[in-house]
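I have placed the structure first, in the form of structure tokens, so that the comments after it can refer back to it.
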Amino acid sequence: MAGNRTFTMIKPDAVEKGHIGGIIEQITASGFRIVAMKMTQMTKTDAEEFYAIHKERPFFGELVEFMTRGPIVAAILEKDNAVDDFRTLIGATNPEDAAEGTIRKKYATSVGENAVHGSDSDENAAIEGAFHFSGREMF
Ligand code: DGT
């Protein structure tokens, strides 16, 4: 049986620093299959829609500014227990709290510039994947 899916973005900070390869290597070495992947840049409208759930938070403007300042790598990943296992692999939102060996521990700078996104539920994984990819781009 195929595993279930999560959605990730390698964020602008990690792309700028040349960490795309290192992060993808760690993701695939951890048993995730890449279902879809592309480099793209979010517009302000895209980021406001993607992060609409955070629009009342004090850091919303900063978050939108950050997520649109350069390209990201968006991907859909497949594995049993994909959402939870991926959140374990990336580590805590704040890299200071992230476990040793996690992607955020290795590559993130701060709670705002935290290198990667990982969906927080199966439902959001499907919504976020569909935000970035058409059915023809999923394999
Ligand atoms: P993710 O995977 O990017 O959705 O992050 P989560 O689920 O680990 O963290 P969440 O949903 O609490 O926050 C979403 C993003 O908002 C987070 O990755 C970075 C940003 N963010 C959260 N707290 C702060 C903050 O205090 N300051 C700034 N500048 N950004 C924040």
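Overview of values
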| quantity | calculated |
| --- | --- |
| Relative frequency of Cα-Cα separations exceeding 27 Å in the range 5-132, percent | 9 |
| Cβ-placed point charges (K, R +1; D, E -1), dipole of the range 5-132 about Cα centre in debye, nearest 20 | 360 |
| Accessible surface, the range 5-132, averaged per residue in Å² (probe 1.4 Å) | 49 |
| Once the Cα gyration tensor of the range 1-65 is diagonalised, semi-axes √(5λ) in Å | 26, 16, 11 |
| Surface share of carbon and sulfur [accessible, 1.4 angstrom probe, percent] for the range 5-132 | 50 |
| Loop-located GluC sites (Glu not before Pro) in the range 1-104 whose Cβ has at most 14 other Cβ within 10 Å (DSSP) | E56, E100 |
| Sites A92 and M138, calculated FRET efficiency, Cβ-Cβ separation with R0 30 Å, nearest 0.05 | 0.55 |
| Computed FRET value (nearest 0.05) for N81 with K38, which takes r as the C-beta separation and R₀ as 22 Å | 0.35 |
| Extreme residue, positive dipole direction of the chain, given options A14, M67, Y51 (C-beta unit charges) | A14 |
| Förster radius 25 Å - calculated FRET efficiency between E25 and T109 (Cβ-Cβ, nearest 0.05) | 0.80 |
| Expected 222 nm ellipticity per residue - DSSP helices of 4 or more, -39500 (n - 2.57), all of the chain, to 500 | -10500 deg cm²/dmol |
| Projected label distance in nm at K55 and A130, using a 7 Å step from Cα toward the beta-carbon | 1.9 |
| Value of relative contact order over the range 5-132, rounded to a whole percent, pairs C-alpha under 8 Å and six or more apart | 39 |
| DSSP-loop chymotrypsin sites (Phe, Trp or Tyr not before Pro) across the range 1-62, with at most 14 other Cβ within 10 angstrom | F59 |
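The values are calculated or read from the model by the stated rules, or taken from the named source; none is laboratory data. Model, not experiment: these values are computed from the prediction. Neighbour counts are summed over all protein chains in view; Cβ atoms, including those assigned to glycine, are modelled from backbone coordinates with ideal geometry. Only protein heavy atoms, including side chains, enter the accessible area calculation; ligands, DNA and RNA are left aside. Shrake-Rupley method; radii C 1.70, N 1.55, O 1.52, S 1.80 Å.
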